[in-house]
Structures are given as structure tokens and as C-alpha cells.
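Reading through the C-alpha cells given below for one structure.
Every number here is computed from the coordinates shown, using simple stated rules; none is lab data. These figures come from a predicted structure and were not determined experimentally. Cβ sites come from the backbone with ideal geometry, for glycine too, and all protein chains shown count toward neighbours.
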Amino acid sequence: MSIFYVILGIIVLVILWVIWAYNRLVTLGYRAKEALSDIDVQLKRRYDLIPNVVETVKGYMQHERGVFEKVTEARAKAISGSGSLDEKAQAENALSLNLKTLFAVAENYPELKANANFLDLQRELADTENKIQAARRFYNSNVMELNARVDTFPTNLVASSLGFSKMEFFGVDSQVEKEPVKVKF
């Protein structure tokens, strides 16, 4: 009778282990899928963020560039001194008006924020790229754990009989994909 209980105990332990192994494989599969979804979320963030930030910086730079260009043009006309007195006065008035605009910009934006905008752009791009890399590492870590369970004994017996298979690591295959993202203004 005691042999019966030993065999029954072993069968119960095997069944419990199979249930545990199955549940562990399911959990690892879901974690890997969640991690892959996190990569998609971060890529979407990149796709949404970068063009918006770039356009914001470009718009701000256009504003500043326009002010500086107008001041430079007005200064050049005023320095040239050619033409009648009326034309010279108009050139000086234009320079004064453009300088007031420049001073107003400088007053509202003491550092003229072009550098701050570029720093913000760089910071946002770096943050986005770091989040993408972290999501990829998290995915690959989960895939590695799942694949190890699928391949190692005795879990591989449960995995193969219940249809679990290895997942692919997230990697960069082409040389073009290995190049850093380039932002052009």
C-alpha cells in the first residue's frame, strides 16, 4: 500500500510540475509579447515626437533667423550711406525698428533660446532612443528566458508537447538600420 502512495505522490508532483512549467511558459510568452509591444510604443513615440520637435525648433529658428536677417539687411543699408538723405533716414529708421524687434525678442527670450531648443531637441531624441534601447533589451531578456525554458530539460518536454516555440530576438539586420537617426534642418 505504501508503494501505491509513493507512486501516487510522484504522479501528483509530476502533474503539479507540468502545470507550473506550462504556466511559467505562458507567462514568459506574454512578457515577451508585452516587451515587443513596448518597443512599438517607443517607436511610435519617436515617430510622433521627432517631427513635432524638429518643426518646433525650425519654426523658432525661422523667427530668430528672420529677425537677425532683417537687422543685418537694415544695418547694411544704413552703413552703405548711398542715396538721398531721405533714403538714408528710412534706412536708419528701418534699422532702429528692426533693432527694437531684436531687443523685444531678447527681452522676451534673454538667451534667444535657439541653443536651449537645440538642447531640448537633443535631450528628447536621446531620451527617446534610450527608451527604445531599453525596450529592446527588455524584450530580448524575456525572449532569452522563454527560449532557455523551451530548450532546457525537462521544461522542453512540456514546451514541445504543448506547442510552445522559441521567439526571435530583436536585432538589427541591415547596415542602414544600424546607422543613427539623422535629423536635418
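Net charge near residue 162: determine it from the other residues with C-beta under 15 Å of the C-beta of residue 162, scoring Lys and Arg +1 and Asp and Glu -1.
On the way: positive: 24, 149, 166; negative: 151.
For residues surrounding residue 162, the net value is +2.
If you take the beta carbon distance between residue 120 and residue 75 as r and set R0 to 41 Å, what does 1/(1 + (r/R0)^6) give as a FRET efficiency, to the nearest 0.05? Please list the in-between numbers first.
Values: r = 30 Å, r/R0 = 0.74.
According to the calculation, E is roughly 0.85.
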